[in-house]
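Please read the structure below before turning to the comments.
No lab work stands behind these numbers, since they all come straight from the coordinates. Since the model is a prediction, treat every value here as computed from it, not as a measurement. A quick note on method: Cβ atoms are made from the backbone with ideal geometry, for glycine too, and the neighbour counts reach across all protein chains shown.
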Amino acid sequence: MARKQAEEHATVWERPEPAERPALSALSRDRIVRAAIELADAEGLGAVSFRRIAAALDAGPMRLYGYLSTKEELFDLMVDAVYAEIVPAHTVTSGWRERLSEIAHRTREAALRHDWLVDLLGGRPNIGPNGLAFHEASLAALEEAPGFEHVDTMMDAVGAVHGYVLGAVRAEVTERRAERATGMDEQHWQQANGAYMTRMLATGAYPILARVVEDASHPDPGTAFTTRLEAVLDGIEARFRTA
């Protein structure tokens, strides 16, 4: 009885899977999560339901509840599966800047492959094994770097990088979603709103914005991400690193 109660209250990371019955189609948490990710990649997070996943796996929806108690647990497992794509199995990158930059770029790439990911990031950290590996790798990049001996300094630096990455990829994903929803890319959006912007800027009320429109280079998203990430890393180095 005590063992049964312990299993009922265990987190999804520790709870054992039910024994599979040979007469039924094989299930596992991994198969359920993979099916959910494929569904979210194709149709968005709103399309993910136990019913749709069960249909994809040729199983009854109620069987899934033997593996997962709630949709929130499913989302946690989906995020953890993507973290496995972000954390490199092996890295030869040296230097704290380079290592944090590698993690940042891999996070962006994963978010663009699975654009639902940005809807599930933020708030409480993912504590699945891959999520923990992600945070461990981020902190380990700073462990022996001069100026980051105090754990709070490490947390501040990693938090600044992750905060930038989350904001940047969320903005990029939102723009891509807008393009899909409207069928209008950035160039067509600018053309559609060009006359209005010209009139507004001609009032003289927005002189700095006028300079941005006329003189800024407007790099592609990948170039902008890299340039701004380097600025964040420069700021971290200037604030925390000692000679």
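Gyration tensor analysis over the Cα atoms of the chain returns equivalent ellipsoid semi-axes of 40, 28, 13 Å (largest first, whole Å).
Calculated mean residue ellipticity, 222 nm, the chain: -21000 deg cm²/dmol, from DSSP H runs (n ≥ 4) at -39500 (n - 2.57) each, averaged per residue and rounded to 500. Placing +1 on the Cβ of every Lys and Arg and -1 on the Cβ of every Asp and Glu, with no other charges, gives the chain a dipole of roughly 680 debye about its Cα centre.
In a Gaussian network model over the chain where Cα atoms closer than 10 Å are linked, find which of D119, D41, D76 has the largest mean-square fluctuation. For the chain, modelled as a Gaussian network with Cα springs under 10 Å, the answer is D119.
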